[in-house]
Each structure stands twice: as structure tokens, then as C-alpha cells.
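Quick note: the coordinates plus some simple rules give every number you see, no bench work behind them. In this text, all values refer to a predicted model and were calculated from it rather than measured experimentally. Note: ideal-geometry Cβ built from the backbone for every residue, glycine included; neighbour counts use all protein chains shown.
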Amino acid sequence: MTPSQRRWVFLVAGGGFLAFYLWGLIGLPGFGHYPGPYGDIINAIAVTQTHATGVVSAVNFEYRAFDTLGEEFILFIAATGVATVLRHLRQERDTSAVDEARNRDVPATSDAVAVVTLAFIGPTVVVGWYLASHAQTSPSGGFQGGIVLATAFVLVYLAGQFIVFKRLSPVALADAIEAIGAGSFAAVGIAALALGAAYLTNILPLGSTPGAVNSAGTIALISFFVGIEVAAAFILIIGELLEQTLIVREGTGR
């Protein structure tokens, strides 16, 4: 197939996708005109049933927790795939692999950038931890918290401290935390089955006050497990990509 033919195939396929997408948007209700009924039902019963004032988290980790489990394992599998491919590539030799920017003079990280990024590491960890552990009380959750926690490690690298980044996130530890986080989510569901309830049923006692940190039973626990899994997955992916880039830049031919 010639480049011109490939271009036309892409344009036709892209045009079809765009038409299909616009057709779907036309059927959506106008802003502020929610047709219901599911959202209205959830708003009416979620706080009473789960003691979680973060209703979105109640939906994610209670009413449709099985779907959320699948979403988490998508990220888990993606991170595992990236790590597997890149680690395998490092064992191969390819003398044709040349980084055009390898011989470029890269200026050292300025003191201003280092100070700003290092200053934000502590607050970023606190915010990420809060988001991952307070899904039951506020608009947050493990996915958001995990991304913010991973950002704290990226800030270490942006400060020009790749060696420190590697020491803070050793590959074996990142692998283990990612597996523990993903497996613990599934284990909560298995524990419910062992107690005679449905899979991923909220089996922990609810707090006496809706919206309290100790309320909502397994919602907070699942959110925490999701948070550490997401953080470890992104740290692992970023670390593998940086390691691969470093190998090419050093000109090892691998």
C-alpha cells in the first residue's frame, strides 16, 4: 500500500469515527437537564447506606466496585507490559540504535528549578496521601491520590536527582507494592465471599457519623489499595522509561 493510499484509508476511518462520535454527542441531554433515574437514586440512598459523603467514591468502590477492579487491573497489566518489554530490550544488542541527541550538551539543573521542585515534594506527598485515604469524605479517591503520589517521585527526578529517584523507588519494591495493591483490592472481595456475602460487599462496620474518616467501611480501604497500586504503577513505568533512555544516551548499544 502506497503512502497516498494509507493516507486515504486513515482519512476515511477518521471521518467515520468523527461522525459516530458526533452522533453520540447529539443524543446527550443538555447541561443541567439530567434525565435520571440512576443518579437521583444514588444521591438519595448513598449516604444512608454507605455513610460516605463522597458519593462518587461510593459508586466507584461500593455500587460498581467490580468494574473499578477491572479498571485497576488494566493499569496493572499496562505497567507489567511496559516493564516486561523494556527489561527484555536491555538484554538485546542493537548497534543501529542511535540517539541523535546523545552528544548534545545538556545543562545541569539550575538551583532555582531544584529548589522549587524539592520544596513541592513534601506537600505533594501529603495531598496524594489525603486524596487516597479520604475518598469516603470528599471528592477524591485512590486513582487521583496515586497519580499525585507518583508525581512526588517525578519531582525528585526533575530536581536533577535521578540517582535519588532510583534509590527512593527500587524496581523490586515498586513491583511488590503494585502487586500488593492490586491483589489486596481483589482480596477484599474474596473476604466478603468467605463471610457469606456477595463479592466486594461492604463487610466492615460503618462509622456512626456519615462523612467521618472512619466511616464507609471498605470504601476507604479499597481506595487506599488503589492509591498505592496506581502510584507504584506510574513510578514503575516512569522509572523503566528513564532507565531505557539512560542506557541509549550512554551509548551502550543495547
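The gain in end-to-end length when the ARG7 to ILE77 segment is fully stretched comes to 22.0 nm, 0.36 nm per residue minus the alpha carbon separation. When GLU62, GLU229, GLU71 are arranged by Cβ crowding within 10 Å, least crowded first, meaning fewest neighbours, the order is GLU71, GLU62, GLU229.
Here the Karplus curve 6.51 cos²θ - 1.76 cosθ + 1.60, taken at θ = phi - 60°, turns the phi angles of the stretch 70-76 into couplings of x, 5, 5, 6, 4, 5, 4 Hz, with x standing for Gly and Pro. Counted by Cβ distance under 14 Å from ILE42, the other residues give a net charge of -1, where Lys and Arg count +1 and Asp and Glu count -1. Across the stretch 155-171, coupling constants 3J(HN,Hα) worked out from phi with the 6.51/-1.76/1.60 Karplus curve, θ = phi - 60°, read 4, 4, 5, 5, 6, x, 10, 5, 4, 5, 4, 5, 5, 6, 9, x, 4 Hz, and Gly and Pro carry x.
Other residues whose C-beta falls under 12 angstrom from the C-beta of GLY181 contribute a net charge of -4, scoring Lys and Arg +1 and Asp and Glu -1. Each of SER215, SER223 has some number of other Cβ atoms within 10 Å of its Cβ, and from fewest to most they run SER215, SER223. For the peptides 45-58, 130-143, 12-25, the ranking by mean Cβ contacts within 10 Å, running from highest to lowest, is 130-143, 45-58, 12-25. Of the trypsin sites (Lys or Arg not before Pro) in the stretch 1-67, the ones in a loop by DSSP (not H, G, I, E or B) with at most 14 other beta carbons within 10 Å are ARG64. Loop-only chymotrypsin sites (Phe, Trp or Tyr not before Pro) in the stretch 31-82, please: DSSP not H, G, I, E or B, and at most 11 other Cβ atoms within 10 Å. Those satisfying the criteria are PHE31.
Cβ-to-Cβ counts within 10 Å put PHE165, PHE120 in ascending order as PHE120, PHE165, the fewest first.
Between helix 3-26 and the chain there is an angle of about 20 degrees, using the helix long axis and the longest principal axis of the Cα atoms.
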